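Reviewing the structure listed below.
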Amino acid sequence: MDIAKAKIEVERLRGEIDRHNRLYYVEAKPVISDFEFDKLLERLIGLEKEFPGLVTPDSPSQRVGGEITKIFPSVVHREPMLSLANTYSIDEVADFFRRVEKLVEAEGGRTPEFVAELKFDGVAISLLYRDGVLVRGATRGDGSSGDDITANLRTIPTIPLGIPVSAGPLFGAQGSEVEVRGEVFMRKEDFEKLNEDRPEEDQFANPRNATAGTLKLQDSTEVARRRMSFVAYYIKGLDDQSMPHIDRLRRLDAMGFMTGRNYRLCKGIDDIAEFIGTWSEKRWKLPYETDGVVLKLNDVTLWDRLGATAKSPRWAIAYKYPAQQARTVLKDVVFQVGRLGTITPVAELKPVKLAGSTVSRSTLHNFDEIERLGVRVGDHVMIEKSGEVIPKVVSVVLEDRPSNTKPIDVPEVCPECGTALVRPEGEVSWYCPDESGCPAQKKGRILHFASRTAMDIRNLGDSLVDQLVRRGVVGDPGDLYRLDREQLESLERMGEKSAQNLLDALAESRKRGYERLLYALGIRHVGRATARELAHACPSIERLREAAEEELAAVPDIGPVIARSIRDYFGKPWVLEMLGKLEEAGLPFEAAEQKALVNRNFEGLSVIFTGGLERHDRQAASELVLERGGRVVTAVSKKTGLVVAGSEAGSKLDKALKLGVRVISEDEFEAML
Ligand code: IVH
């Protein structure tokens with residue numbers, strides 16, 4: 001194919017992909033399968049690889065991530081990103097309404113109209129489009145300046161990378177700047193999937209925390225994997241400066257943004273009350289969390305005239321729905337021992353209905369939490385559920401405290417093995433220190449190893465593991481592979497058939513691959529995403545065992561805490577013993593061979609790109625290096641093999657020259673390929 005034909009095809013594919021993206025994410029009415037969609041994207045990426053000159057910043061290929069940001073630069077907002085004042089009752093909303101009414105009348109206006117929108121529970125973001133192309137995305141930060149997280153935001157399918165030309169006449173002349181503000185959030189389904197991938201000790205408490213954590217990741221490939229969404233609720237830079245807010249929302253829709261489309265124009269306080277009432281129940285059926293309603297004056301020309309207090313505008317307000325609470329009795333507290341030895345106090349409650357389900361247990365997290373609540377066994381307590389998350393005890397009904405309540409003391413010894421508990425300095429949790437002997441920890445480790453997302457050993461359920469550990473037949477995952485038919489058949493409720501099934505499942509599990517094994521080991525803080533990163537950085541257990549703490553900490557999104565945890569792990573005698581058994585059993589101690597290389601012209605070289613390249617975008621250039629045996633890094637050091645300097649290369653070039661690192665031009669780079 002020649003470049004002219006390729007250009008036409010690339011543009012056609014982009015149009016198609018953008019359209020299907022929108023049908024899938026915004027309209028929720030996909031017309032092609034995921035497979036067909038992936039094929040379109042693959043074809044586009046293939047063509048862009050072949051013709052790197054055709055890559056544009058608004059191509060859907062730019063959403064897959066790949067860029068690593070070590071430090072997010074700080075950016076100053078065009079105008080401050082304000083917050084909203086909160087109200088908690090219709091009376092307070094009515095006060096707000098009358099207040100604005102007076103102000104508007106004083107300005108000579110008529111009875112104000114308000115747009116009611118849902119309040120999305122996520123992280124506020126500002127997007128800047130120059131000539132219709134997304135050039136910058138930033139967090140709110142302190143309101144006047146935030147972090148530039150463009151690379152991460154690009155991966156979000158509902159953030160348009162460009163505003164289509166057909167929307168061109170909608171905003172100012174050439175060189176125009178449009179700012180769109182909105183909320184990045186995680187749909188409930190995507191949130192649950194994400195938590196499934198994470199170790200129990202690092203679960204996100206709610207979609208908002210998960211969103212905030214994800215936006216700060218250095219590796220945009222991981223951000224892309226986590227599936228976030230964006231809803232737009234504000235635009236500045238339109239031709240028509242006096243266009244009412246409701247029309248602006250419609251305009252955002254037309255431009256390809258998602259607005260949720262659940263906004264409504266309210267002519268008075270009755271309309272507002274009705275909107276709030278309708279959504280107080282209906283919101284549970286939405287695929288994402290909303291914690292309230294936002295009311296904005298529809299007449300935008302009055303916004304500036306009404307102005308703002310230090311924190312929030314006078315022309316808008318938020319109404320927050322009361323949390324879903326129920327009252328019940330704390331019957332008892334039991335102590336669970338996790339696979340890492342953590343002691344978790346669990347509340348046993350008198351069963352009670354809450355937000356559509358019956359609750360009889362809830363976590364109390366740790367003993368600091370018990371102390372903070374001042375709760376005792378026998379107390380009447382309030383429990384709360386936010387969204388889909390597990391219910392928690394939020395307060396004690398002190399005025400109704402019965403006379404016979406009992407304090408909840410930290411147990412002195414492990415409820416499972418009797419070892420004295422410890423609390424490491426600086427931690428809130430108590431632990432059972434007998435890692436190698438405590439049956440609860442052994443059991444937890446084996447169950448984690450066998451779980452669906454780890455080695456996926458079917459037929460190895462809770463009661464079987466319990467039996468195996470209790471009888472001393474299995475002490476760690478390595479022992480599983482030493483089980484024989486006879487041993488299994490002698491167990492309770494285990495016939496010939498089920499013994500064979502388990503042996504087959506164990507044999508099958510040997511094929512899961514290195515990455516899965518790393519996760520299955522259950523190293524503290526190493527979830528599936530971290531295991532993936534680790535597998536890349538250290539493609540064998542041996543490499544991982546030998547890696548220095550600093551080396552591990554330098555891997556994107558690993559950092560000092562995880563690095564420390566990995567080093568600690570490999571220092572434990574029982575771990576080494578278990579690894580011996582796993583290796584003997586033939587588990588994958590090495591990553592499978594990587595894709596075949598195009599050639600070895602960059603073998604052993606770490607390469608840095610700096611400045612603007614003419615014919616390649618960064619990602620495509622990086623791939624060219626990887627396919628030829630090299631590595632791409634971002635920081636210049638003495639170990640850097642090669643710097644490819646484009647136009648206006650800055651500090652990295654200076655540093656490379658100072659350190660005597662070899663510097664080449666884009667032409668020379670191409671010749672080397
Ligand atoms: S308007 C000056 N509209 O809630 C007005 N905010 O509590 C700025 N939020 O910082 C915000 N949904 O992060 C607006 N439909 C919506 C919203 C919304 C969620 C967030 C936003 C804001 C915070 C204020």
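General observations
- Lone qualifier among VAL428, VAL396, VAL410 - being touching a helix residue (DSSP H, G or I) at 6+ places or on another chain (Cβ under 9 Å), modelled with pLDDT of 95 or more and of a type in the set (Val, Ile, Thr): VAL396
- When every residue of the range 236-243 is checked against the conditions, at least one turns out to be among the acidic types (Asp, Glu) and assigned to a loop (DSSP other than H, G, I, E, B).
Residues are listed down the side, and each one gets a yes or a no for (1) among the aliphatic types (A, V, I, L, M); (2) modelled with pLDDT of 90 or more; (3) in contact with an Asp or Glu (Cβ under 9 Å, 6 or more places away or on another chain):
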position	(1), (2), (3)
HIS20	no, yes, yes
GLU50	no, yes, no
GLN62	no, no, yes
LYS70	no, no, no
VAL75	yes, yes, yes
ASP91	no, yes, no
GLU107	no, no, no
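- Among residues of the range 277-304 that are under 17 Å from ASN206 (Cα atoms), those with a beta-carbon under 8 Å from a residue that is near the ligand (Cβ under 9 Å from one of its atoms) and of a type in the set (Asp, Glu) at least six positions away or on a different chain give the pairs TYR288/ASP121; GLU289/ASP121; THR290/ASP121; ASP291/ASP121.
- LYS443 falls short of the stated requirement of being over 30 Å from GLU515 (Cβ atoms) and not aliphatic (A, V, I, L, M).
Okay, residues lined up against (1) under 30 Å from the mean Cα position of the chain (by Cα); (2) assigned to a helix (DSSP H, G or I); (3) farther than 23 Å from ARG510 by Cα; (4) of a type outside the set (Ser, Thr, Tyr):
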| position | (1), (2), (3), (4) |
| --- | --- |
| HIS536 | yes, yes, no, yes |
| GLU550 | yes, yes, yes, yes |
| PRO556 | yes, no, yes, yes |
| VAL561 | yes, yes, yes, yes |
| SER565 | yes, yes, yes, no |
| TYR569 | yes, yes, no, no |
| GLY580 | no, yes, no, yes |
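- Cβ-Cβ under 8 Å pairs, at least 6 apart or on other chains, the range 432-445 side buried (at least 18 other Cβ atoms within 10 Å of the Cβ), far side among the hydrophobic types (A, V, I, L, M, F, W, C) and assigned to a helix (DSSP H, G or I): CYS432/ALA440; LYS442/VAL469; LYS443/VAL465; LYS443/VAL469
- Selection count, the range 23-52, where residues are part of a helix (DSSP H, G or I) and either surrounded by 15 or more Cβ atoms within 10 Å (Cβ to Cβ) or under 25 Å from the mean Cα position of the chain (by Cα) (or both): 17
- The range 310-330 - residue that is in contact (Cβ under 8 Å) with a residue 40 or more places away in the chain, more than 10 Å from the ligand (Cβ to nearest atom) and loosely packed, with under 15 Cβ neighbours inside 10 Å and, of those, nearest to the chain's Cα centre (by Cα): ALA323
- Answer from GLY292, GLY277 - the residue that is closer than 23 Å to PHE96 by Cα, in contact with an Asp or Glu (Cβ under 9 Å, 6 or more places away or on another chain) and not aromatic (Phe, Trp, Tyr): GLY292
- Residue that is surrounded by the fewest Cβ atoms within 10 Å (Cβ to Cβ), among those in the range 244-257 that are within 16 Å of the ligand (Cβ to nearest atom) and assigned to a loop (DSSP other than H, G, I, E, B): PRO244
- The numbered conditions (1) assigned to a helix (DSSP H, G or I); (2) under 30 Å from ARG567 (Cβ atoms) are all true for ARG482 except (1).
- Condition check for GLY260: more than 26 Å from ARG110 (Cα to Cα), crowded, with 19+ Cβ neighbours inside 10 Å and within 13 Å of the ligand (Cβ to nearest atom): yes
- Only residues that are without any contact (Cβ under 8 Å) to a residue 60 or more places away in the chain and either among the β-branched types (Val, Ile, Thr) or surrounded by 19 or more Cβ atoms within 10 Å (Cβ to Cβ) (or both) were counted across the range 626-648, and they come to 10.
- Hits in the range 53-91 - residues which are within 16 Å of the ligand (Cβ to nearest atom) and in a loop (DSSP other than H, G, I, E, B): HIS77, ARG78, GLU79, PRO80, MET81, LEU82, SER83, LEU84, ALA85, TYR88
- The range 169-186 - residue that is out of contact with any Leu (no Cβ under 9 Å at 6 or more places or on another chain) and surrounded by 15 or more Cβ atoms within 10 Å (Cβ to Cβ) and, of those, modelled with the lowest pLDDT: SER176
- Scanning the range 199-235 for residues being crowded, with 19+ Cβ neighbours inside 10 Å, more than 12 Å from the chain's Cα centre (by Cα), outside any loop (DSSP other than H, G, I, E, B) and not aliphatic (A, V, I, L, M) gives a total of 2.
- Subset of the range 92-137 (residues that are among the acidic types (Asp, Glu), in a loop (DSSP other than H, G, I, E, B) and more than 16 Å from the ligand (Cβ to nearest atom)): GLU107, GLU113, ASP131
- Failed condition for VAL300, given (1) near the ligand (Cβ under 8 Å from one of its atoms); (2) of a type in the set (A, V, I, L, M, F, W, C); (3) closer than 23 Å to GLY237 by Cβ: (1)
- Residues satisfying the stated conditions in the range 141-154, i.e. within 12 Å of the ligand (Cβ to nearest atom) and either over 30 Å from THR87 (Cα atoms) or surrounded by 20 or more Cβ atoms within 10 Å (Cβ to Cβ) (or both): GLY146
The values are calculated or read from the model by the stated rules, or taken from the named source; none is laboratory data. From a predicted model like this one, the values you see are computed outputs, not experimental measurements. Cβ coordinates were reconstructed from backbone atoms using ideal geometry, including for glycine residues, and neighbour counts include every protein chain displayed.
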